[in-house]
Amino acid sequence: EKDIYILGIESSCDETAASVVKNGRVVLSNVISSQIDLHTLYGGVVPEIASRKHIERINQVIQEALDTAGMTLDDLDAIGVTYGPGLVGALLVGVAEAKAISYAKKLPLVGVHHIEGHISANYIENPDLEPPFVCLVVSGGHTHLVVVRDYGKYEILGRTRDDAAGEAFDKVARAIGLGYPGGPKIDKLAKEGDPEAISFPRPRFEDSPYDFSFSGLKSAVLNYLNGCQMKGIEVNRADVAASFQKAVCDVLVEHAMIAVKESGLNKFAIAGGVASNSALRAAFEKACAERHMEFYHPSPIFCTDNAAMIGSAAYYEFIAGKRDGLDLNAVPNLKL
Ligand code: KG4
Ligand code: ZN
């Protein structure tokens with residue numbers, strides 16, 4: 001059978017990324033131009049700046065992805081692009097670019113859901129992983145517990161009712177003065193702290209064991225910090241980071257393991273930026289080993305936003321016959 005080469009394009013938030021992926025699993029190039037330095041000044045992503053930077057960088061990023069793969073546009077079989085969810089102005093840059101290439105080179109166009117991309121990141125380094133499996137998607141904008149029934153076929157069991165897990169990491173990091181993006185900084189600082197030092201809440205819902213809530217946890221951290229300030233007690237930031245991180249990990253693991261048990265499946269994967277958290281990985285490693293289950297996770301570079309995951313997801317959509325027209329539009333609140 002003929003090999004299929006797909007150019008993946010991702011621009012939904014603050015990373016301009018392009019990648020050439022062979023047969024949905026083999027990454028020939030993975031170029032990511034991060035804007036984090038620019039947004040750090042403002043403590044978060046500024047949509048207008050993100051759109052402008054995507055425009056400035058996207059052509060170069062794509063060229064670099066092709067060059068690294070030793071290819072030209074003529075060697076491709078299709079273009080895959082994130083069309084939602086995300087920042088509308090940011091998404092539009094990738095979508096417009098993908099449509100232009102598709103039109104100019106008469107290449108099939110495949111619109112990809114960003115979350116489907118995150119989930120598909122697991123296929124890249126795990127050649128043996130095939131659906132069905134349970135996947136926890138934890139990123140800056142999403143916290144979803146999903147059963148991947150088949151390629152492109154998802155059943156959402158639960159989601160966050162307020163903040164996403166990554167958002168909680170970012171907000172708590174800001175509160176303890178670590179800056180943006182907070183996840184990796186909390187991850188690092190927590191290694192020096194005691195996860196049992198402070199008791200933060202582990203929110204659960206009576207009516208859905210799969211849903212999450214992180215805004216209460218964030219408030220509990222803020223209340224704790226205020227309380228220390230009022231009493232004139234010096235805050236041990238490493239203990240706060242470790243205790244907060246432990247609370248997040250506990251609920252994520254608990255809810256995910258209920259989902260795995262109920263689903264009757266024995267394969268579990270994590271995805272999204274927070275999936276690169278070292279404590280979370282260790283916690284799932286342990287939980288899955290205890291249950292004699294396979295645990296899958298992408299390398300950190302494929303956890304945070306990248307285009308290889310989009311190229312992988314696009315491949316499975318492509319072989320299933322999905323094609324988009326030049327009327328493909330960015331959908332900021334796209335549902336899975
Ligand atoms: O998947 P991603 O790159 O973008 C979205 O689609 O949202 O995720 C970014 C999020 C940020 O909130 C960031 O703080 C978090 O992932 N993150 C982490 C770690 N690395 C990134 N959170 C916890 N621990 C980490 N090591
Ligand atoms: Zn993402």
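The values are calculated or read from the model by the stated rules, or taken from the named source; none is laboratory data. Since this is a predicted model, take the numbers as computed values, not measurements. No Cβ is skipped: glycine too gets one built from the backbone with ideal geometry, and neighbour counts run over all protein chains shown.
With the condition kept exactly as written, say whether any residue in the range 163-173 is in contact (Cβ under 8 Å) with a residue 24 or more places away in the chain and away from ligand 1 (no atom under 15 Å from the Cβ). No, the conditions are met nowhere in the range 163-173.
Kindly establish whether residue 209 is at pLDDT below 95 and within 16 Å of ligand 2 (Cβ to nearest atom). No. Of the residues making up the range 142-175, those that are in contact with a helix residue (DSSP H, G or I) (Cβ under 7 Å, 6 or more places away or on another chain) and among the small types (Gly, Ala, Ser) are 152, 158, 165, 166, 168, 173, 175.
Taken together, 19, 33 contain a single residue that is part of a strand (DSSP E or B), surrounded by fewer than 19 Cβ atoms within 10 Å (Cβ to Cβ), outside the structural domain of residue 178 (by TED's automatic domain parsing) and within 16 Å of ligand 2 (Cβ to nearest atom), which is 33.
Residue count for the range 230-269 under the criterion of being over 22 Å from the mean Cα position of the chain (by Cα) and basic (Lys, Arg): the result is 3. Listed by position, the helices (runs of 4 or more DSSP H) contained in the range 247-336 that have at least 3 residues being buried (at least 16 other Cβ atoms within 10 Å of the Cβ) and touching a strand residue (DSSP E or B) at 6+ places or on another chain (Cβ under 8 Å) are 278-290, 308-319. Look through 104, 90 and report the one residue that is of a type in the set (Gly, Ala, Ser), within 16 Å of ligand 1 (Cβ to nearest atom) and more than 26 Å from residue 128 (Cα to Cα). After applying the criteria, what remains is 90.
In contact (Cβ under 8 Å) with a residue 40 or more places away in the chain, within 26 Å of residue 56 (Cβ to Cβ), small (Gly, Ala, Ser) and surrounded by fewer than 24 Cβ atoms within 10 Å (Cβ to Cβ): is that true of residue 179 in this structure? Step through it out loud before you land on a result.
Details: in contact (Cβ under 8 Å) with a residue 40 or more places away in the chain: yes; within 26 Å of residue 56 (Cβ to Cβ): yes; small (Gly, Ala, Ser): yes; surrounded by fewer than 24 Cβ atoms within 10 Å (Cβ to Cβ): yes.
Yes.
Kindly indicate the residue of the range 69-88 that is farther than 30 Å from residue 336 by Cα and part of a helix (DSSP H, G or I) and also nearest to the chain's Cα centre (by Cα) among those meeting that condition. Ranking the qualifying residues of the range 69-88, first place goes to 69. Quick one: is residue 204 outside any helix (DSSP H, G or I), at pLDDT below 95 and under 27 Å from residue 267 (Cα atoms)? Yes, satisfied.
For the range 1-14, filtering for residues that are within 16 Å of ligand 1 (Cβ to nearest atom) and surrounded by fewer than 23 Cβ atoms within 10 Å (Cβ to Cβ) leaves 0.
Taking the range 124-141 as the range and being in contact with a helix residue (DSSP H, G or I) (Cβ under 9 Å, 6 or more places away or on another chain) and away from ligand 1 (no atom under 16 Å from the Cβ) as the test, the residues that pass are 125, 129, 130, 132, 133, 134.
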